[in-house]
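Participant: Got a structure for you, questions after.
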Amino acid sequence: MYASQKSNLGFPELVWLAATRPLGLHAVTDTPRPNATPPPQPQPQPLSGVRVVDVGNFLAGPYAAAVMGEFGADVIKVEHPIGGDPLRRFGTATARPDATLAWLSESRNKRSVTIDLLQAEGVKLFLKLIAKSDVLVENFRPGTMESWGLTWDALREANPKLVMLRVTGYGQTGPYRRRHGFAHIAQAFGGLNYLAGYPGETPVLPGTVPLGDYIASLFGAIGVLVALRHAEDTGRGQIVDVGIYEAVFRVLEELAAVYGLHGKVREREGSGSFVACPHGHFRTRNDKWIAIACTTDKMFERLAAAMGRPELASAAIYGDQRKRLAARDDVNRIVSDWVASLDRSEVLDKCLAEEVPAGKVNSIADIFADEHFQARGNLARVPAEELGELVVPGVVPTLSATPGRIRHLGPPLGNATTDVLQGLLGLRADELRRLRQHKTI
């Protein structure tokens with residue numbers, strides 16, 4: 001059990017050193033209406049009782065805290081009193097001056113507390129919060145928190161069981177440790193971006209989304225859960241150190257083994273694959289796209305049947321994968337011509353009837369219309385203060401007995417400062433007034 005109910009903080013330097021403008025605060029109240037029937041209490045979740053302090057900016061690291069929050073952790077987002085996390089202003093704007101859609105979606109289930117860690121009194125408050133928390137998440141460049149007096153020794157003295165997740169571009173050690181870390185740069189450095197695009201052309205940014213930040217955060221969440229188990233058994237916390245580039249590198253399947261053994265460099269292959277054919281994206285008659293993946297001879301035999309050309313799967317033609325790979329352009333042209341003669345729904349029906357691995361290449365509009373996304377709860381509809389109902393990605397993974405929940409979207413700046421500092425840390429009302437006057441909170 002996590003009787004300490006502790007949580008840890010970390011602030012990317014951009015928040016503290018480059019905050020530019022104050023944002024409006026929005027009061028939040030949980031006071032029920034008179035005579036209202038109280039709603040049924042939800043079942044406790046697996047991470048209920050775990051307190052996480054998230055002091056990072058943007059996504060790398062903070063996303064790990066959000067995932068833990070979906071499964072019951074109390075996530076306290078510590079932000080600078082002026083401006084807060086820059087993610088609040090990153091992405092599509094909303095009617096709320098302190099919240100973009102990116103903030104609302106990716107800071108779900110967190111409570112916001114404002115503390116200025118550049119002030120000595122702010123550091124003292126932070127350490128008090130650490131003493132009552134289990135996990136600290138931060139993503140500043142190595143040495144930043146130490147420059148504020150928040151060394152690992154100081155944090156561990158405040159809470160010997162503390163688990164500290166540190167997500168940076170290059171990790172806490174090594175010659176590049178002090179370089180700025182961004183998902184795009186880390187994906188390039190880690191080897192992913194080199195593989196994305198068409199042969200001989202400029203490498204592209206896969207999906208134009210910060211995959212590295214998400215991947216690193218998921219590895220970080222795994223590390224935190226392992227470290228919490230160790231802390232529960234031994235009473236000792238530890239640091240979980242994740243470099244975004246190395247999280248990206250870790251998911252590049254056999255790339256390292258092939259180069260280490262054979263010296264072979266995998267190059268860009270567009271939507272295809274060097275190990276299978278046909279394996280890619282094909283345009284349909286109604287200008288849609290479909291993905292087809294034939295990784296075995298049996299799968300190609302099924303595709304040939306779906307195309308009405310079973311002879312293509314004979315041993316004399318393309319029945320053997322090696323023959324298909326040797327004649328990749330011809331095979332892809334045959335499949336492309338067949339797909340182009342039909343609407344996407346027709347291609348999909350024929351492929352599914354023969355159990356050919358195939359699926360739509362979905363735009364977000366396709367996703368919203370798809371019955372499977374609806375059935376699986378992948379599109380969560382959540383009330384948002386002043387904005388009505390928003391649709392955000394649902395919780396992953398699905399647990400049969402203790403599912404995750406989205407209790408609310410990204411919080412207004414400082415919405416829980418009084419609750420946490422007064423209710424959890426025991427500060428008096430006059431102390432809060434003084435801290436506000438000095439802009440410590």
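Participant: Take the residues of region 227-259 that are surrounded by fewer than 16 Cβ atoms within 10 Å (Cβ to Cβ) and touching a residue at least 12 places away in the same chain (Cβ under 8 Å): which is farthest from Lys132 (Cα to Cα)? It would help to see each step written out before you state the result.
Facilitator: Kept after step one, since they are surrounded by fewer than 16 Cβ atoms within 10 Å (Cβ to Cβ), are these residues of region 227-259: 229-230, 232-236, 250-254, 256-259.
Now restrict to residues that are touching a residue at least 12 places away in the same chain (Cβ under 8 Å): 232, 235-236, 250-252.
On the way: Glu232: 15, Gly235: 14, Arg236: 15, Arg250: 34, Val251: 35, Leu252: 39 Å.
Restricting to residues being surrounded by fewer than 16 Cβ atoms within 10 Å (Cβ to Cβ) and touching a residue at least 12 places away in the same chain (Cβ under 8 Å), the top hit is Leu252.
Participant: Take Pro203 and tell me if it is more than 19 Å from Glu106 (Cβ to Cβ), open to solvent by less than 80 Å² (accessible area, probe 1.4 Å) and either charged (D, E, K, R) or modelled with pLDDT of 95 or more (or both). Give the steps one after another, and end with the answer.
Facilitator: Working: more than 19 Å from Glu106 (Cβ to Cβ): yes; open to solvent by less than 80 Å² (accessible area, probe 1.4 Å): yes; either charged (D, E, K, R) or modelled with pLDDT of 95 or more (or both): yes.
So Pro203 passes the test.
Participant: Among all residue pairs at least 6 apart or on different chains, which show Cβ distances below 6 Å where the first residue, located in region 123-143, is over 26 Å from Tyr170 (Cα atoms) and polar (S, T, N, Q) and the second is modelled with pLDDT of 95 or more and open to solvent by less than 10 Å² (accessible area, probe 1.4 Å)?
Facilitator: Partner pairs satisfying both residue conditions: Ser133/Val53.
Participant: Output the residues belonging to region 315-340 that are hydroxyl-bearing (Ser, Thr, Tyr) and over 39 Å from the mean Cα position of the chain (by Cα). Spell out how you get there, then give the answer.
Facilitator: Initial filter on region 315-340 (hydroxyl-bearing (Ser, Thr, Tyr)): 318, 336.
Correct list: Tyr318 only.
Participant: Something else now. Just to be sure I understand, how many residues within region 160-196 are open to solvent by less than 60 Å² (accessible area, probe 1.4 Å) and at pLDDT 95 or above? It would help to see each step written out before you state the result.
Facilitator: So the first thing to find is which residues in region 160-196 are open to solvent by less than 60 Å² (accessible area, probe 1.4 Å), and the list is 162-172, 174, 181, 183, 186-188, 190-193, 195-196.
Remaining after also requiring at pLDDT 95 or above: 162-172, 174, 183, 186-188, 190-193, 195-196.
Final tally of qualifying residues: 22.
Participant: Next question. List the helices (runs of 4 or more DSSP H) inside region 309-427, counting only whole elements, that have at least 3 residues being surrounded by 15 or more Cβ atoms within 10 Å (Cβ to Cβ).
Facilitator: Details: elements: 321-326, 328-340, 344-353, 364-369, 371-375.
By residue number, 321-326, 328-340, 344-353.
Participant: Anything in region 140-179 that is at positive phi and hydrophobic (A, V, I, L, M, F, W, C)? List them, or say none. Break it down stepwise before answering.
Facilitator: First, pick out the residues of region 140-179 that are at positive phi: 143, 149, 171, 174.
Matches in region 140-179: none.
Participant: In region 415-431, what count of residues is obtained for those that are more than 15 Å from Asp74 (Cα to Cα) and among the small types (Gly, Ala, Ser)?
Facilitator: 2
Participant: Return the residues of region 245-270 that are assigned to a loop (DSSP other than H, G, I, E, B) and among the hydroxyl-bearing types (Ser, Thr, Tyr); say none if nothing qualifies. So that I can check it myself, show each step before the final result.
Facilitator: Kept after step one, since they are assigned to a loop (DSSP other than H, G, I, E, B), are these residues of region 245-270: 251-254, 263-270.
Matches in region 245-270: none.
Participant: Follow-up question, since we're still on this one. Go through region 271-287 residue by residue and tally those that are within 17 Å of Ala340 (Cα to Cα), assigned to a strand (DSSP E or B) and open to solvent by less than 80 Å² (accessible area, probe 1.4 Å). Break it down into steps so the answer makes sense when it comes.
Facilitator: We begin by selecting, within region 271-287, every residue within 17 Å of Ala340 (Cα to Cα); these are 271, 278-287.
After this cut, where a residue has to be assigned to a strand (DSSP E or B) as well, the list is 279-283.
Of the ones still in play, those that are also open to solvent by less than 80 Å² (accessible area, probe 1.4 Å) are 279-280, 282.
So the answer is 3.
Participant: Give all pairs with beta carbons closer than 9 Å in which a residue from region 199-212 that is closer than 17 Å to Phe58 by Cβ and part of a loop (DSSP other than H, G, I, E, B) meets a residue that is modelled with pLDDT under 95 and not charged (D, E, K, R); count only pairs at least 6 apart in sequence or on separate chains.
Facilitator: Pro210/Phe182
Participant: Right, here's the next one. Among the residues in region 238-252, are any polar (S, T, N, Q) and touching a helix residue (DSSP H, G or I) at 6+ places or on another chain (Cβ under 8 Å)?
Facilitator: Quick first cut of region 238-252, residues polar (S, T, N, Q) only: 238.
Going one step further and asking which of them are touching a helix residue (DSSP H, G or I) at 6+ places or on another chain (Cβ under 8 Å), we end up with 238.
For region 238-252, residues polar (S, T, N, Q) and touching a helix residue (DSSP H, G or I) at 6+ places or on another chain (Cβ under 8 Å): present.
Participant: What do you reckon, is Thr92 among the polar types (S, T, N, Q), free of Cβ contacts under 8 Å to residues at least 40 places away in the same chain and open to solvent by 20 Å² or more (accessible area, probe 1.4 Å)? Even if it seems obvious, please write down each step before you answer.
Facilitator: Values: among the polar types (S, T, N, Q): yes; free of Cβ contacts under 8 Å to residues at least 40 places away in the same chain: yes; open to solvent by 20 Å² or more (accessible area, probe 1.4 Å): yes.
In short, yes.
Participant: Considering only helices (runs of 4 or more DSSP H) fully contained in region 50-161, which possess at least 2 residues that are closer than 19 Å to Val226 by Cβ and β-branched (Val, Ile, Thr)?
Facilitator: On the way: elements: 62-70, 101-106, 120-131, 144-147, 152-158.
Fully inside region 50-161 and qualifying: nothing.
The values are calculated or read from the model by the stated rules, or taken from the named source; none is laboratory data. The structure displayed is predicted, hence computed values, not measured ones. In this analysis, Cβ positions are derived from the backbone assuming ideal geometry, glycine residues included, and neighbour counts consider all displayed protein chains. Side chains are part of the model used for accessible areas, which takes the heavy atoms of the whole protein and leaves out ligands, DNA and RNA. Shrake-Rupley method; radii C 1.70, N 1.55, O 1.52, S 1.80 Å.
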